1. Between 88, 109, 45, which is at pLDDT below 90, assigned to a helix (DSSP H, G or I) and either more than 30 Å from residue 147 (Cβ to Cβ) or out of contact with any Asp or Glu (no Cβ under 8 Å at 6 or more places or on another chain) (or both)?
2. Is one or more of the residues making up region 128-136 more than 27 Å from residue 35 (Cβ to Cβ), in contact (Cβ under 8 Å) with a residue 60 or more places away in the chain and not in a loop (DSSP other than H, G, I, E, B)?
3. Out of region 75-110, which residues are more than 23 Å from the chain's Cα centre (by Cα) and among the small types (Gly, Ala, Ser)?
4. Name, by its number, the condition in (1) on the phi > 0 side of the Ramachandran plot; (2) out of contact with any helix residue (DSSP H, G or I) (no Cβ under 6 Å at 6 or more places or on another chain) that does not hold for residue 132.
5. Are there any pairs with C-beta distances below 6 angstrom linking a residue in region 159-184 that is modelled with pLDDT under 90 to a residue that is in a helix (DSSP H, G or I), with the two at least 6 apart or on different chains, and if so which?
6. Out of the residues in region 148-161 that are crowded, with 19+ Cβ neighbours inside 10 Å and of a type outside the set (Gly, Ala, Ser), state the one that is farthest from residue 113 (Cα to Cα).
7. Would you mind stating whether residue 89 is in contact with a Gly (Cβ under 8 Å, 6 or more places away or on another chain), under 24 Å from residue 159 (Cα atoms) and touching a residue at least 60 places away in the same chain (Cβ under 8 Å)?
Amino acid sequence: MAPFYDQQSDLSNFVISFTRDPKGDFAVFARAYAHAADRLAAQLLEALRFSDHEAYPVIFLYRHAFELSLKHIIYASALLAFSMVKVLAPGYFARQDTRTPVRIGIRSLAVSMGLNVLVVLPLAFVYPGRPGLHALLALNTGIGAWYNSTMLYRGLRRQGVLQHASGWRRMLWQVAAGNLLMVAFLW
C-alpha cells in the first residue's frame, strides 16, 4: 500500500480535490461527509444498542457537512461581487485611473480584516475550540468583496461613466426571478 504522503514526489500524495478551485469543492466535500454520516448512522441503527462514543463520528461528519455547505453558500453569494470587481475595475483602467480601484481595494481589505478582528477574533477567545468560526471568515471575505464592488459601481455612476439603458430594471427583475426559480427547482 502506498503512503498517503511522500516527501520525494508530489504526484503520489493523497489529495482529494476535484478542481483547481478548492472553494468550488466545498459542496462536493459536504455531500461526501453527509453520505459517510448516513452510512455510519445506518449501521449504528441496525445494531440493537450502541454507545455514545460510537455516535460521535456520525455527529462529527454531519457537523462538517453542514459547515461546508454553509461555506459554499457564503462563497457562492460572494461570487457575484468578486466577478463585478473584475467587470467594473476596467472602467477605471480604461481612463488611466489606477489609483481609485487600488484605494477601494485597500479599503475593502480593511473592511474584511476589521470584521475578522472585531467579530471572529473575540468569538475565538470567548468560545475556544468552537466549530464554525471559519464560516465567519468566509462571510467577512464576501462582505469585503461586496463593499469593493459597490464602491467601484458607485464611483462609476457618480462620474457618469456607467449609465444604464432603458429597460434595465425590468431585465434585472427577470434575471432575479429566473435565478430564484432555478434555486427552487434545484433545492
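The values are calculated or read from the model by the stated rules, or taken from the named source; none is laboratory data. This one's a predicted model, so the numbers in the text were calculated from it and none came from an experiment. Heads up, the Cβs are rebuilt from the backbone with ideal geometry, glycines too, and the neighbour counts pull from every protein chain shown.
1. The unique qualifying residue is 45.
2. Taking region 128-136 and keeping what is more than 27 Å from residue 35 (Cβ to Cβ), we get 128.
With the extra rule that they be in contact (Cβ under 8 Å) with a residue 60 or more places away in the chain, the set shrinks to none.
No, there is no match, as no residue in region 128-136 is more than 27 Å from residue 35 (Cβ to Cβ), in contact (Cβ under 8 Å) with a residue 60 or more places away in the chain and not in a loop (DSSP other than H, G, I, E, B).
3. Within region 75-110, 91, 94 qualify.
4. Of everything listed in (1) on the phi > 0 side of the Ramachandran plot; (2) out of contact with any helix residue (DSSP H, G or I) (no Cβ under 6 Å at 6 or more places or on another chain), residue 132 misses just condition (2).
5. Between residues of region 159-184 that are modelled with pLDDT under 90 and residues that are in a helix (DSSP H, G or I), the close pairs are 162/156.
6. Step by step, filter region 148-161, then rank; the result is 152.
7. Against the criterion (in contact with a Gly (Cβ under 8 Å, 6 or more places away or on another chain), under 24 Å from residue 159 (Cα atoms) and touching a residue at least 60 places away in the same chain (Cβ under 8 Å)), residue 89 does not qualify.
Residue-by-condition table, conditions (1) more than 21 Å from the chain's Cα centre (by Cα); (2) closer than 18 Å to residue 81 by Cα; (3) surrounded by 10 or more Cβ atoms within 10 Å (Cβ to Cβ):
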site: 130; (1), (2), (3): no, no, no
site: 137; (1), (2), (3): no, yes, yes
site: 182; (1), (2), (3): no, no, yes
site: 186; (1), (2), (3): no, no, no
